[in-house]
Amino acid sequence: MNIGFWLCGVLVIPFSIIGVLFAIFKEKAAKFVSGFNSLSKEEQALYDKAYISRDIRNQCFIWAVIMLIGAVLSYFLTPYMSIPTFVIWLILFIKDVHFDTHKAFEKYLLK
């Protein structure tokens, strides 16, 4: 059993589903973004919800592609290819994590 293939392959499904949901529901899906849903309605009106949804959609699709590549490489080369795949994913994930809600969404402010 190739554990590296399964670890990467299983994550392709939720990342793809979340990406598709954000693509379908567009700006309505912004309320499901962590931190944004805790802002008041007045504060939420200051941000571009379509841009937030588009950004989350793109992130999820990028993560799905990274995991898919990791699954394919783990299947055909070695199960250890899942390790660099998860390292790359973790770097991309941590890059977008912010503990301050306003700092996290400052690039989405309406001009």
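Data overview
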read-out: Cα convex hull of region 3-108, projected area averaged across orientations, nm²; value: 6.5 nm²
read-out: In sequence order, calculated HN-Hα J values of region 76-84 (Karplus, 6.51, -1.76, 1.60; Hz; x Gly/Pro); value: 8, 9, 8, x, 6, 5, 5, 5, x
read-out: Total charge dipole magnitude, the chain, about the Cα centre, Cβ charges on Lys, Arg, Asp, Glu only, Debye to nearest 20; value: 220 debye
read-out: Under 5 Å, built H, 5+ apart or other chain: amide partners of Tyr47; value: Leu110
read-out: Computed helical MRE - 222 nm, the chain, DSSP H runs ≥ 4 contributing -39500 (n - 2.57), nearest 500; value: -21500 deg cm²/dmol
read-out: Modelled FRET efficiency - R0 25 Å, Tyr51 with Ile91, Cβ distances, 0.05 increments; value: 0.60
read-out: Three-way shape label, region 1-42, alpha-carbon gyration tensor, a/c 1.5; value: oblate
read-out: Selection from Gly70, Tyr80, Ala23 lying farthest towards where the dipole of the chain points positive, charges on Cβ; value: Ala23
read-out: Label point distance in nm, Ala23-Glu43, each placed 7 Å from Cα along Cα→Cβ; value: 3.2 nm
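Just so you know, all these numbers are worked out from the coordinates, no wet-lab data involved. These numbers come from a predicted model, not from an experiment. In this analysis, Cβ positions are derived from the backbone assuming ideal geometry, glycine residues included, and neighbour counts consider all displayed protein chains.
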